[in-house]
Amino acid sequence: MYVAAGRFWTGSDAAERRLALTLSSPAVREARWFDAEPPRHKIPLPAFCIDRFLVTQARYAEFIAATGHRSPGISKEDYLRQGFLVHDYDTEVTRYLWEPDRPPPRLMQHPVVLVSVFDAEAYCRWRRPTWRLPIEAEWEKAARGDHGWVFPWGDTWDPGRANSAASGANGTSAVTGYPGGASPYGMFDAVGNVFQWTASVLENGRRIVKGCAWDDEPGLCRPAFRHGRPAQSRHVLIGFRCAGSPRVNGSRREQHGPTPNNP
């Protein structure tokens with residue numbers, strides 16, 4: 001989908017962070033998850049394109065078949081060694097493992113997970129040589145629109161609009177499953193389902209992930225929220241979408257990408 005050039009609100013102010021805290025458990029409040037959010041301010045961005053939907057298991061399987069790239073996955077030892085958000089490997093991770101080079105059939109239209117930044121970047125380049133992961137600002141503008149809503153759909157939390165812990169899904173969902181949660185630009189799963197890799201990096205070298213996942217509380221499910229993970233990480237809570245500069249064909253802007261019937 002195409003996002004026009006212009007200024008937009010990024011970051012969060014004290015009122016938004018207070019709201020986020022009221023929607024969060026004591027554990028999240030004590031961890032001070034929201035301290036890394038920059039102050040609310042306006043910034044300009046050139047025009048860009050970004051995937052309307054998260055990259056699905058089915059789409060990623062096409063990439064694997066065409067290139068021979070490694071399939072999504074991680075060993076139990078490596079998963080535990082990562083040392084963050086350790087869901088039970090035998091019950092929660094194995095259901096997303098491929099067998100051996102195809103996704104579980106029931107997950108074909110779910111977002112691909114267990115991919116590192118480098119896997120995601122390779123996929124985007126395969127889609128188109130100039131494509132890449134979105135930078136944080138691009139992702140945030142596509143997720144919240146020009147007016148800087150707290151959530152993709154407005155300033156009030158609505159649990160029916162996203163696959164978060166409140167949904168009870170306890171796992172990923174089809175990328176077309178929550179149309180009511182689409183952003184003003186039409187981006188699905190702007191929050192919920194899985195966190196999403198970006199091209200932006202924190203001062204500690206970790207890659208910024210945006211959004212929230214299927215096991216998260218509402219306070220984290222805001223486009224302003226950010227945190228980082230090592231680029232080599234592979235996790236059941238992290239997926240991605242691609243972005244790039246718009247191409248112009250004659251006097252008409254080209255818009256490419258997945259459709260609702262073929263995400």
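The values are calculated or read from the model by the stated rules, or taken from the named source; none is laboratory data. Note that the structure is predicted; figures quoted are calculated from it, not measured. A quick note on method: Cβ atoms are made from the backbone with ideal geometry, for glycine too, and the neighbour counts reach across all protein chains shown.
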request  = Among residues belonging to the stretch 210-225 that are touching a strand residue (DSSP E or B) at 6+ places or on another chain (Cβ under 8 Å) and aliphatic (A, V, I, L, M), point out the one that is surrounded by the most Cβ atoms within 10 Å (Cβ to Cβ).
outcome  = Ala213
key: Lone qualifier among Ala143, Ala122 - being assigned to a helix (DSSP H, G or I), modelled with pLDDT of 95 or more, hydrophobic (A, V, I, L, M, F, W, C) and touching a His at 6+ places or on another chain (Cβ under 9 Å)   = Ala122
ask   = Within the stretch 34-43, restricting attention to residues that are assigned to a strand (DSSP E or B) and not β-branched (Val, Ile, Thr), which residue is surrounded by the fewest Cβ atoms within 10 Å (Cβ to Cβ)?
value = Pro39
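Conditions tested, residue by residue: (1) more than 12 Å from Leu220 (Cα to Cα); (2) surrounded by fewer than 12 Cβ atoms within 10 Å (Cβ to Cβ); (3) without any contact (Cβ under 8 Å) to a residue 40 or more places away in the chain.
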position	(1), (2), (3)
Ala4	yes, no, no
Glu16	no, no, no
Thr22	no, yes, no
Arg32	no, yes, yes
Leu45	yes, no, no
remark   = Checked the stretch 56-93 for anything among the aliphatic types (A, V, I, L, M), out of contact with any Leu (no Cβ under 7 Å at 6 or more places or on another chain) and assigned to a loop (DSSP other than H, G, I, E, B); matches are none
query = Here are Ile135, Ile64, Ile50, Ile43: which of them is in contact with a strand residue (DSSP E or B) (Cβ under 7 Å, 6 or more places away or on another chain) and under 25 Å from Thr176 (Cβ atoms)?
reply = Ile50
query = Given the structure, is Gly148 surrounded by 21 or more Cβ atoms within 10 Å (Cβ to Cβ) and more than 17 Å from the chain's Cα centre (by Cα)?
reply = yes
inquiry  = Going by what's in this entry, would Ala166 be described as among the aliphatic types (A, V, I, L, M), in contact (Cβ under 8 Å) with a residue 12 or more places away in the chain, surrounded by fewer than 22 Cβ atoms within 10 Å (Cβ to Cβ) and more than 13 Å from Cys242 (Cα to Cα)?
reply    = yes
task = Identify all residues within the stretch 177-209 that are closer than 25 Å to Ala4 by Cβ, aliphatic (A, V, I, L, M) and in contact with a strand residue (DSSP E or B) (Cβ under 8 Å, 6 or more places away or on another chain); write none if there are none.
result = Met187, Val191, Ala199, Ile208
remark   = When the stretch 94-116 is checked residue by residue, the ones that are farther than 11 Å from Thr172 by Cβ and either surrounded by fewer than 20 Cβ atoms within 10 Å (Cβ to Cβ) or in contact with a Leu (Cβ under 7 Å, 6 or more places away or on another chain) (or both) are Thr94, Leu97, Trp98, Glu99, Pro100, Asp101, Arg102, Pro105, Met108
query = Quick one: how many residues across the stretch 78-93 are among the aliphatic types (A, V, I, L, M), touching a residue at least 60 places away in the same chain (Cβ under 8 Å) and farther than 12 Å from Ser233 by Cβ?
reply = 1
